[in-house]
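The values are calculated or read from the model by the stated rules, or taken from the named source; none is laboratory data. This one's a predicted model, so the numbers in the text were calculated from it and none came from an experiment. Positions of Cβ are generated from backbone atoms using ideal geometry, with glycine treated the same way; all protein chains shown enter the neighbour counts.
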Amino acid sequence: MNMLQQSRNQVLAQIHAACEQAQRDKNRVQLLAVSKTHPSDVLSEMYQTGQRAFGENYLQEALDKIEKLKDLQIEWHFIGHVQRNKTKHLAEKFSWVHGVDRLIIAERLSTQRDASQAPLNICLQVNIDEQDTKDGCQPAEVAELVAQISQLPNLKLRGLMVIPAPNNTEAFKDAKALFDAVKVQHKNPEDWDTLSMGMSGDMDAAIAAGSTMVRVGTALFGARDYSPK
Ligand SMILES: *Cc1c(COP(=O)(O)O)cnc(C)c1O
């Protein structure tokens, strides 16, 4: 068995064990393979193990891989910071965008998504633990944003995405409470089914709190190398 198959099996086993521990259905937690910095042949190899959902953070890097791997049935997720002037490529090339945190971004994605494509799946990013960052809306803004964004055509507002500070287990519980509380604001509450939280180091705690999608890079692909090639 190759290394990627082995690491994926291990991560899936860890997800299943965390579900069992939390008495949750293991089919309710999806694995998103976070492949930033890894070349397309590595993604291709991971695809051979059965992985279909891949997450990328950097637009140009992602577009290159999407082009190279266009013959594979990959579900592409953008999990990086969304810049206002980059929404067109996201609307055209991705299935999911996790980092939406303002109405204007959602409006642009909605306008730029071709109506002939499946609706673009959206997660609203929330700064759940008051980190000193400009990414993510405030928890107090979420209800209003859900009400507004769920009205937009060509989008499917699926849920929330959070990136709490390391070891902040409480933040996962806060995210789950917020996720449950704002469902009623949604125009189509049955679309509201995704809580994107948990990474290599904290997926067990995230699953215990109610995550439905863990975004895992290092545990699948090994450490990332950011040095110029
Ligand atoms: C890089 C990244 C991940 C994956 O992190 P690992 O610790 O390597 O699993 C998950 N989510 C986001 C938003 C990321 O940028």
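Data overview
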item: Of residues in region 54-70 being more than 16 Å from the ligand (Cβ to nearest atom) and part of a loop (DSSP other than H, G, I, E, B), the one surrounded by the most Cβ atoms within 10 Å (Cβ to Cβ); result: Leu69
item: Meets criteria (crowded, with 19+ Cβ neighbours inside 10 Å, more than 16 Å from the ligand (Cβ to nearest atom), within 19 Å of the chain's Cα centre (by Cα) and on the phi < 0 side of the Ramachandran plot) for Leu157; result: yes
item: The lone exception for Asn168 - which of (1) more than 12 Å from the ligand (Cβ to nearest atom); (2) at pLDDT 95 or above it fails; result: (2)
item: Single match in Gln73, Gln10, Gln5 (criterion: surrounded by fewer than 18 Cβ atoms within 10 Å (Cβ to Cβ) and within 16 Å of the ligand (Cβ to nearest atom)); result: Gln10
item: Some residue of region 138-151 being in contact (Cβ under 8 Å) with a residue 24 or more places away in the chain, within 23 Å of Gln30 (Cα to Cα) and of a type in the set (A, V, I, L, M, F, W, C); result: yes
item: Which listed residue, of Leu124, Leu109, Leu90, is outside any helix (DSSP H, G or I), within 23 Å of Trp192 (Cβ to Cβ), modelled with pLDDT of 95 or more and in contact with a helix residue (DSSP H, G or I) (Cβ under 7 Å, 6 or more places away or on another chain); result: Leu124
item: Residue that is nearest to Ala171 (Cα to Cα), among those in region 205-229 that are in a helix (DSSP H, G or I) and within 12 Å of the ligand (Cβ to nearest atom); result: Ala206
item: Region 127-146, residues that are in contact with a helix residue (DSSP H, G or I) (Cβ under 6 Å, 6 or more places away or on another chain) and either under 16 Å from Thr194 (Cβ atoms) or assigned to a loop (DSSP other than H, G, I, E, B) (or both); result: Ile128, Asp129, Val142, Val146
item: Qualifying positions in region 213-229 - loosely packed, with under 13 Cβ neighbours inside 10 Å and among the polar types (S, T, N, Q); result: Ser227
item: Selected residue [farther than 18 Å from Asp202 by Cβ, at pLDDT 95 or above, outside any strand (DSSP E or B) and out of contact with any helix residue (DSSP H, G or I) (no Cβ under 8 Å at 6 or more places or on another chain)] from Gln73, Gln51; result: Gln73
item: Residue in region 172-187 that is away from the ligand (no atom under 13 Å from the Cβ), among the basic types (Lys, Arg), part of a helix (DSSP H, G or I) and surrounded by 18 or more Cβ atoms within 10 Å (Cβ to Cβ) present; result: yes
